[in-house]
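S.K.: Encoded as structure tokens, here's the structure I'll be asking about.
The values are calculated or read from the model by the stated rules, or taken from the named source; none is laboratory data. If you're wondering where the values come from, they're calculated on a predicted model, not measured in any experiment. Note that we place each Cβ from the backbone using ideal geometry, even for glycine, and neighbour counts take in every protein chain shown. Keep in mind that these areas ignore ligands, DNA and RNA; they rest on the heavy atoms of the full protein, side chains included. Shrake-Rupley method; radii C 1.70, N 1.55, O 1.52, S 1.80 Å.
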Amino acid sequence: MYYKNLLFALIGLSFLGTRAQERIPKVEELLGKMTIEEKIGQLNLLTPGGGVATGEVVSKDVGSKIKSGQVGGLFGVAGPDRVRKAQEIAVNDSRLGIPLLIGSDVIHGYKTTYPIPLGLSASWDMDLVKQAAQMAAREATADGINWNFSPMVDIARDPRWGRISEGAGEDPYLGSKIAVAMVTGYQGDDLAAAHTILACVKHFALYGAVEAGRDYHSVDMSKIKMFNQYMQPYKAAIDAGAASVMSSFNDVDGVPATGNKWLLTDLLRDQWGFEGFVVSDYTSLNEMIPHGLGDLQAVSALALKAGLDMDMVGEGFLTTLKKSLDEGKVTELDITNACRRVLEAKYISGLFDDPYKYLDAKRPKKDILTEDNRDLARKLATRSFVLLKNHNNILPLNKLGKIALVGPLADSRENMLGTWAPTGDFNLAVTILEGFKNVASNATIEYAKGANISDDADFAKNVNSLGERIVIDERSPEDMLQEAVELAKTSDVVVAVVGEATEMSGESSSRTDISIPESQKKLIKALVETGKPVALILMSGRPLTIPEEFDMPVSILQVWHPGVEAGNAIADVVFGDYNPSGKLTATWPVNVGQIPVYHSVKATGRPAPESGEFQKFRSNYLDAPNAPLLPFGYGLSYTTFEYGNLKLNKKEIAQGESISATVTVKNTGDYDGEEVVQLYLKDVVRSITPPKRQLKGFEKVMLKKGESKEVSITLSADDLKFYNAQLEFVSEPGDFEIFVGTNSDAKLKETFKLK
């Protein structure tokens, strides 16, 4: 494993197969000097305030606690000078001089924010995802941070859940590839280097499957479903060498993840071989009390014995573990093992060699918000956009002529970065109005707001709890709408920027209605009624229900929340400087009633007709189709692609062999463009019910107009495996079907047999 190999490289130890022999002498020597109180202190993660908080607790008396050895790490503090002051207290004023871990939520860029993770995943470009993580690590470490609470790898199939914005969507195969790219991007090949950062995989586990799409809610599923549909990205991140893991808020098999021994020890450590440390989410240890598992002392002891190593903010470990030790509810070995894992993380970060290695005062200016970083953020954003519809080829726009730019998000700087951008500064973001003027300087571009994001004051109040994102204009909705319509009538084309404010998705931002707010629906309808060509720039942190808008004669470009270079990147695509190539990584439902709807759903014993025609006593709805509005993997281009000549290199393989599928893809349109070729697999007969199809490979290719390429995708032996009823990872002999195409509804099919 990466983690083990890194320790070997740093300290020259050979690993003999048992953890008792995998010790770092420096850490063991230190453990021998520590009092039980100092060991417990290393398990305490605090925030001094001043940064983002995802709960109501802010730590008190932080400085004095550091001096007395009661703090293992901090978050919510950044900047070489501020971090140095905290680190100096730990190194110079505490008895043993143990340096601090300095953590932060660097979710989609540090200061140079790029698209929200759901948007970034739509690029299907693992090299770019890795570059994004590398840039974030370089910037964060320049500001004194050595530990990142990212990546979030939770599979999410309910777009009502606001945190779908923070992950890679619904698919475990794609999610695993992105998890690996993020971990390796953050950590590099040397965690002791000053530009790399400890990754923290979250949220372990199953957080994306909360009931009713409501944040922090319960999760209940079979282990077969866990292992076949949800666990894969976590394991991929662990196998890639992730240094730490964060427990989730939800319960797993009836036990909150933070105190779940099966999850944190039996599975994570004993089965998967994880050798790093586990930190709780924000006060998730304390939250086991309202979960119903006992008082603070009881849940703290439960969590420690389950395998939790560090308590974020709640101070349950700090205030109760000594008492639990005295009463025999935990052992000194329990405390020592947790402390050891925290100290080992500090060791591999190089903090014992140089506690101030991340505190070069020259680095922020040199490494943060540089021109190169902003250029990369702009590139990342353009690659994340998904063209959902292009009515009459309205897009790309000509850079001449008169353009009516309307909508509440067209000139809204505070809504460009997206949710979970606590280290970014929206004042530095490029608005869409500014981007249009930058990219199409010869066009006549006039702006009208046209509508509020929402006219509902109560809803706006909820959204604005972390800062004003929905501004309800002093003008009446009627006056704003009329202004936009009049502008549209005198223009050649209308571009309407609509959708969600940043905090309409993200943590604690679940919605039961995921349609475009009514105020904006009225605006879109009125603009279409002018008869002018209309292009919608749709901004959101989740899949939306847009059947009404999709049926209108409009083009639709989904741009998520693109980051600090939002306006420039959107203009690049709208005016054709880049041909959109993004593909959806989460299915878009027709309505909320279809949820959950995803591409790898299982067939039933009474499947609905493939034609979509309603039949009684079949698995379908009276009032809506089974099929989503837009399938997983969907995304158009300004050009067109033709698939043909699918062939396999074998028709039969033995256990352990691989098989390759080759397809010819031709650019049949008028623009150069990129296409994501996708391969899906169906296990026709097996011992447990199979999904209709599963993503098992993809390749992004560039094709000039008129160009054809043969694209080959190879399936490995593991791609045919699944967890059976005994939770054994196996493949079974029989027939398999391969589908290749432009999205999960791929029609080209070939079959092969596994002997």
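S.K.: If packing is taken as the average count of other Cβ atoms within 10 Å, what order do 458-468, 408-418 fall into, highest mean first? If you can, show how the numbers build up before the last one.
M.R.: Working: 458-468: 14.0, 408-418: 24.8.
Put in order of decreasing packing, that is 408-418, 458-468.
S.K.: Which whole-percent values make up P(r) of the stretch 610-755 when all C-alpha to C-alpha distances are grouped in 10 Å steps starting at zero?
M.R.: All Cα pairs, binned at 10 Å, distribute as 10, 34, 30, 20, 5, 0 percent.
S.K.: Now, a different point. For the stretch 569-689, evaluate the Debye formula with one uniform point scatterer on each Cα (no solvent term) and list log10 I(q)/I(0) at q = 0.14, 0.19 Å⁻¹, rounded to two decimals.
M.R.: -0.92, -1.18
S.K.: Figure the gain on full extension for Ser611 and Asp623 (residue separation times 0.36 nm, minus the Cα-Cα span) and round it to one decimal in nm.
M.R.: Taking Ser611 through Asp623 to full extension adds about 2.7 nm, to one decimal.
S.K.: Also, quick follow-up: So if R0 is 60 Å, what FRET efficiency would Asn438 and Ser658 give, r being the distance between their Cβ atoms, rounded to the nearest 0.05?
M.R.: The calculated FRET efficiency here is 0.80.
S.K.: Also, quick follow-up: Roughly how many Å² is the accessible area per residue of the stretch 182-301, as a whole number, for a 1.4 Å probe?
M.R.: Numbers: 3310 Å² over 120 residues.
On a per-residue basis, the stretch 182-301 sits at 28 Å².
S.K.: Just add up the charged neighbours of Arg475: K/R +1, D/E -1, any other residue whose Cβ is under 10 Å from the Cβ of Arg475. Walk me through the intermediate numbers first.
M.R.: Values: positive: Lys449; negative: Asp473, Glu474, Glu478, Asp479, Glu483.
Net of charged neighbours comes to -4.
S.K.: Also, quick follow-up: Over the stretch 586-695, average the accessible area per residue using a 1.4 Å probe and give it in Å², no decimals.
M.R.: Values: 5480 Å² over 110 residues.
Heavy-atom SASA per residue in the stretch 586-695 reads 50 Å².
S.K.: Modelled label-to-label distance, Lys362 and Asp473, 7 Å Cα→beta-carbon offset: nm?
M.R.: Result for the modelled spin labels: 5.1 nm.
S.K.: Report the charge-dipole magnitude of the stretch 64-222 in Debye, nearest 20, computed about the Cα centre from +1 at each Lys and Arg Cβ and -1 at each Asp and Glu Cβ. Don't skip to the answer; put the middle values down first.
M.R.: Numbers: 15 positive and 18 negative charges, 114 e Å.
Its charge dipole is roughly 540 debye.
S.K.: Give me the extension gain from Asp458 to Leu428: residue separation times 0.36 nm, minus the current Cα-Cα distance, reported in nm with one decimal. Spell out each step's value before the answer.
M.R.: Numbers: separation 30, 0.36 × 30 = 10.80 nm, distance 2.90 nm.
7.9 nm is the gain from fully extending Asp458 to Leu428.
S.K.: Another question about this same structure. Which percent of Cα pairs goes in each bin when the distances of the stretch 547-637 are cut into 10 angstrom slices starting at zero?
M.R.: 13, 36, 28, 15, 7, 0
S.K.: Return the sequence-ordered ³J(HN,Hα) values of the stretch 111-117 in whole Hz as given by the Karplus equation 6.51 cos²θ - 1.76 cosθ + 1.60 applied to θ = phi - 60°, using x for Gly and Pro.
M.R.: Per residue, the Karplus-derived 3J(HN,Hα) values read 7, 7, 6, 10, x, 3, x Hz.
S.K.: What net charge do the residues around Lys202 carry, taking every other residue with its C-beta under 12 Å from that of Lys202, with Lys and Arg at +1 and Asp and Glu at -1? Let's see the in-between values first.
M.R.: On the way: positive: Arg163; negative: Asp105, Asp154, Glu166, Asp281, Glu507.
Here the count lands on -4.
S.K.: Skipping prolines and chain starts, which residues have an amide H placed within reach, meaning under 5 Å, of the one on Val590, given they are 5 or more residues away or on another chain?
M.R.: The list, which skips near neighbours in sequence, is Leu629.
S.K.: What ³J(HN,Hα) values, in whole Hz, does the Karplus curve 6.51 cos²θ - 1.76 cosθ + 1.60 give for the stretch 190-207 when θ = phi - 60°, with x put for Gly and Pro?
M.R.: So the Karplus estimates, Gly and Pro as x, are 7, 6, 7, 6, 6, 9, 10, 9, 5, 8, 9, 6, 9, 10, 8, 8, 6, 4 Hz.
S.K.: Round to the nearest 0.05 the FRET efficiency obtained for Glu37 and Trp262 when R0 = 35 Å and r is the Cβ-Cβ distance. Before the final figure, lay out the partial values.
M.R.: Working: r = 30 Å, r/R0 = 0.86.
Calculated transfer efficiency: 0.70.
S.K.: Label Val601 and Asp577 with points 7 Å out from Cα along Cα→Cβ: what is the distance between them in nm?
M.R.: If labels sit at Val601 and Asp577, their model points lie 4.1 nm apart.
S.K.: Let me ask you something else. Cβ under 12 Å from Pro256's Cβ, Pro256 left aside: what net charge do those residues give with Lys, Arg +1 and Asp, Glu -1? It would help to have the intermediate numbers written out before the result.
M.R.: Values: positive: Lys261; negative: Asp251, Asp253, Asp281, Glu287.
The answer is -3.
S.K.: Let me ask something else about it. Go through Phe698, Ser454, Val685 and say which Cα lies farthest out towards the positive end of the charge dipole of the chain; charges sit on Cβ, +1 for Lys and Arg, -1 for Asp and Glu.
M.R.: Selected residue: Val685.
S.K.: Starting from the Cα of Glu29, move 7 Å in the Cα-to-Cβ direction to define the label point; list residues of the stretch 77-103 whose amide nitrogen is under 16 Å from there.
M.R.: 96-99
S.K.: Need the list of lysines near Lys650 for cross-linking: C-alpha distance under 22 angstrom, and skip anything on the same chain fewer than eight residues off.
M.R.: Straight-line reach from Lys650, under 22 Å: Lys682, Lys696, Lys709, Lys721, Lys747, Lys749, Lys753, Lys755.
S.K.: When the Karplus curve 6.51 cos²θ - 1.76 cosθ + 1.60 is applied with θ = phi - 60°, which whole-Hz ³J(HN,Hα) does each residue of the stretch 727-740 get, with x for Gly and Pro?
M.R.: Using θ = phi - 60°, the values come out as 6, 8, 8, 9, 10, 10, x, x, 8, 10, 10, 10, 10, 10 Hz.
S.K.: Amide H to amide H, which residues 5 or more places from Thr545 or on other chains are under 5 Å from it, using H placed in the peptide plane?
M.R.: For Thr545, the qualifying residues are Ile514, Ser515, Ile516.
S.K.: At a Förster radius of 45 Å, what calculated FRET efficiency corresponds to the Cβ-Cβ distance of Lys323 and Asp190, to the nearest 0.05?
M.R.: 0.65
S.K.: Using modelled amide H (1.01 Å from N, peptide plane; none on Pro or chain starts), what sits under 5 Å from the amide H of His203, excluding residues fewer than 5 places away?
M.R.: Residues meeting the amide H criterion: Val153, Asp154.
S.K.: Now a separate question. What dipole magnitude, in Debye to the nearest 20, does the stretch 344-455 give about its Cα centre under +1 on Lys/Arg Cβ and -1 on Asp/Glu Cβ? It would help to have the intermediate numbers written out before the result.
M.R.: Working: 16 positive and 14 negative charges, 82 e Å.
Rounded to the nearest 20 debye, it is 400 debye.
S.K.: Follow-up. Within the stretch 486-503, name every residue whose backbone N is under 15 Å away from a label modeled 7 Å from Cα of Asn398 along the Cβ vector.
M.R.: Of the residues in the stretch 486-503, 491-494 have backbone N under 15 Å from the label point off Asn398.
S.K.: Next up: What percentage of the solvent-accessible surface of the stretch 544-594, computed with a 1.4 Å probe over protein heavy atoms, is contributed by carbon and sulfur atoms? Don't skip to the answer; put the middle values down first.
M.R.: Values: 450 of 880 Å².
Accessible surface attributable to carbon and sulfur in the stretch 544-594 totals 51 percent.
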